[in-house]
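The values are calculated or read from the model by the stated rules, or taken from the named source; none is laboratory data. This is a predicted model, so every value here is computed, not measured. As a convention, Cβ positions derive from the backbone with ideal geometry for all residues, glycine included, and neighbour counts pool all protein chains shown. Quick note on the areas: whole protein, heavy atoms, side chains included, nothing else; ligands and nucleic acids left out. Shrake-Rupley method; radii C 1.70, N 1.55, O 1.52, S 1.80 Å.
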Amino acid sequence: MKKTVLITGASSGFGKSAAKLFYNNGWNVIATMRSPEKETELSPLDGLLLTRLDVTDKASIQSAISAGIEKFGQIDVLVNNAGYGAMGALEAASEEQIKQQFDVNLFGVIAVTQAVLPILRRQKSGIIINVSSVGGRVTFPFSSLYHATKFAMEGLTESMQYELNPLGIQLKIVEPGGYKTEFAGRSMDLFGANGMEDYKPSFDRFITMLDHWPMSENIGEVAEAIYEAATDGTEKLRYPVGHDAAQLLQNRQQTDDVSFKKQMAAQTGI
Ligand code: NAP
């Protein structure tokens with residue numbers, strides 16, 4: 001029987017790439033996004049369900065899940081992919097910017113997961129794949145809010161294994177390095193330093209670092225990692241992916257906090 005995947009944030013980047021990969025491998029795909037009416041690449045795919053889901057809008061989560069169940073009868077894999085980065089000095093972030101970062105990257109993941117879990121429990125099977133980041137275990141300057149959400153996602157996912165594995169439900173964390181999606185463009189909330197001079201020299205260096213970061217164009221690699229997590233049948237929890245990911249994670253694991261901060265200063269001048 002054909003399996004079914006529900007993906008959030010399928011309008012671009014990893015989410016869209018994963019939707020295409022699952023579809024091409026014969027899966028039923030529920031491709032969800034905030035504005036499905038704007039989508040042109042996925043809409044012609046016969047049998048794919050394109051439906052609205054804003055992770056901050058619980059009614060839209062419920063109606064996307066209901067539409068998926070009505071069309072396909074089950075959900076085997078949930079990919080919590082929707083997310084974005086709010087970048088700048090913590091002091092400069094408005095309450096609204098802080099709230100939105102957590103609402104999308106963390107509370108949105110929790111809301112979609114809670115809404116899908118009754119279905120997975122009923123089936124006594126299912127896989128939840130959370131798209132975290134190398135930034136779920138390694139920090140960079142001026143990204144404290146983003147890291148707060150992704151570090152939280154890692155703890156959330158790792159702990160949920162204990163209560164869900166006995167019910168037949170697996171948890172997975174995909175940790176991409178830097179990729180050229182809309183992440184560093186349209187999706188980024190670069191609120192900066194809000195004119196506070198004290199932060200300006202370091203923030204300017206952060207912008208230089210962002211501009212020079214070797215972003216990979218091969219976003220299909222991340223879709224492949226998501227697909228592997230959905231199909232490899234192992235208990236493996238974390239799937240780092242990208243030319244920079246394994247090295248960054250390994251280096252962080254092997255380096256104490258003070259030495260790591262010194263390395264960052266040597267590399268970025270911050
Ligand atoms: P992207 O192309 O900007 O895609 C982000 C997706 O999230 C878009 O579909 C966007 O929808 C969606 N989204 C944002 N807010 C949403 C909301 N409230 N409800 C539903 N969807 C929402 O960037 P991406 O790189 O593919 O990002 C996907 C995930 O990978 C994110 O969780 C990101 O943190 C993570 N990641 C990215 C990188 C990287 O270098 N690219 C590295 C590590 C981790 P709209 O089109 O409606 O805005």
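Relative to the present Cα-Cα distance, how much length would full extension add between Tyr162 and Ser94 at 0.36 nm per residue of separation?
Working: separation 68, 0.36 × 68 = 24.48 nm, distance 3.61 nm.
Going from the current span to full extension adds 20.9 nm.
Between Ala59 and Glu197, 0.36 nm times their residue separation minus their Cα-Cα distance comes to what?
Working: separation 138, 0.36 × 138 = 49.68 nm, distance 4.29 nm.
In short, 45.4 nm is gained.
In whole Hz and in residue order, list the ³J(HN,Hα) couplings for the stretch 182-198 that follow from phi through the Karplus curve 6.51 cos²θ - 1.76 cosθ + 1.60, θ = phi - 60°; x for Gly and Pro.
Computed from phi, the couplings for the stretch 182-198 are 7, 3, 8, x, 3, 7, 7, 9, 8, 7, x, 10, 6, x, 6, 4, 4 Hz.
Would you report the distance distribution of C-alpha pairs in the chain as whole percents per 5 angstrom bin, up to the bin with the largest distance?
1, 6, 13, 17, 19, 16, 12, 8, 5, 3, 1, 0, 0
Can you list the residues, at least 5 places off or on another chain, whose amide H is less than 5 Å from the amide H of Glu182, using H built in the peptide plane?
Correct list: Gly13.
Using only helices, what value at 222 nm comes out for the chain when you add -39,500 (n - 2.57) per DSSP H run of length 4 or more and divide by the total residues, to the nearest 500 deg cm²/dmol?
Details: 9 runs with 119 residues, N = 270.
That comes out to -14000 deg cm²/dmol.
Using a ≥ b ≥ c from the Cα gyration tensor of the stretch 10-74 (square roots of the eigenvalues), is it rounded, prolate or oblate, where a/c under 1.5 gives rounded and otherwise the larger of a/b and b/c decides, a/b for prolate? Each step should come with its number before you reach the end.
Working: a/c = 1.80, a/b = 1.20, b/c = 1.51.
Since a/c reaches 1.5 but b/c is at least a/b, the shape of the stretch 10-74 is classed as oblate.
Remind me, relative contact order of the chain in percent, using alpha carbon pairs under 8 angstrom and six or more residues apart? Please list the in-between numbers first.
Working: 475 pairs, mean separation 54.0, N = 270.
Here the relative contact order equals 20 percent.
Using a Gaussian network model on the chain with a 10 Å cutoff between Cα atoms, which of Thr231, Thr139, Thr56 fluctuates the most?
Thr231
Can you list residues whose amide H is under 5 Å from Tyr239's amide H, if they're 5+ apart or on another chain and H is modeled 1.01 Å from N?
Under 5 Å from the amide H of Tyr239 lie the amide H atoms of Ile173, Val174, Glu175, each far enough along the sequence or on another chain.
Return one whole number: the accessible area per residue of the stretch 1-153 in Å², for a 1.4 Å probe.
Values: 6180 Å² over 153 residues.
Averaged over the residues of the stretch 1-153, the accessible area is 40 Å².
Using modelled amide H (1.01 Å from N, peptide plane; none on Pro or chain starts), what sits under 5 Å from the amide H of Gln170, excluding residues fewer than 5 places away?
When sequence neighbours closer than 5 places are left aside, the close amide H contacts are Gly126, Ile127, Ile128.
If you average the C-alpha positions of the stretch 69-139 and of the stretch 176-220 separately, how far apart do those two centres end up, in angstrom?
Cα centroid of the stretch 69-139 versus Cα centroid of the stretch 176-220: 22 Å apart.
Under 26 Å between alpha carbons, and skipping anything fewer than 8 positions from Lys3 in its own chain: which lysines qualify?
Of all the lysines, those that pass the test against Lys3 - Cα under 26 Å, at least 8 places apart if same chain - are Lys16, Lys20, Lys58, Lys71, Lys124, Lys172, Lys236.
Compute, for Val241, the solvent-accessible surface of its heavy atoms (probe 1.4 Å) with the complete set of protein chains present, and express it in square angstrom to the nearest 10.
Its heavy atoms expose roughly 10 Å² to the probe.
Which of Leu248, Leu53, Leu120 moves the most in a Gaussian network model of the chain with Cα springs under 10 Å?
The residue with the greatest mean-square fluctuation here is Leu248.
What is the percent carbon and sulfur in the accessible area of the chain, measuring with a 1.4 Å probe over the protein chains and ignoring ligands?
Details: 6450 of 12800 Å².
With neighbouring chains kept in place, the figure for the chain is 50 percent.
What are the lysines whose alpha-carbon lies under 24 Å from the alpha-carbon of Lys262, with same-chain residues fewer than 8 places away excluded?
Of all the lysines, those that pass the test against Lys262 - Cα under 24 Å, at least 8 places apart if same chain - are Lys150, Lys200.
In the stretch 98-217, with Lys and Arg counted as +1 and Asp and Glu as -1 at Cβ, which of these residues, Gln170, Ser187, Phe206, has the Cα nearest the positive end of the dipole, that is, farthest along it?
The listed residue farthest towards the positive side: Gln170.
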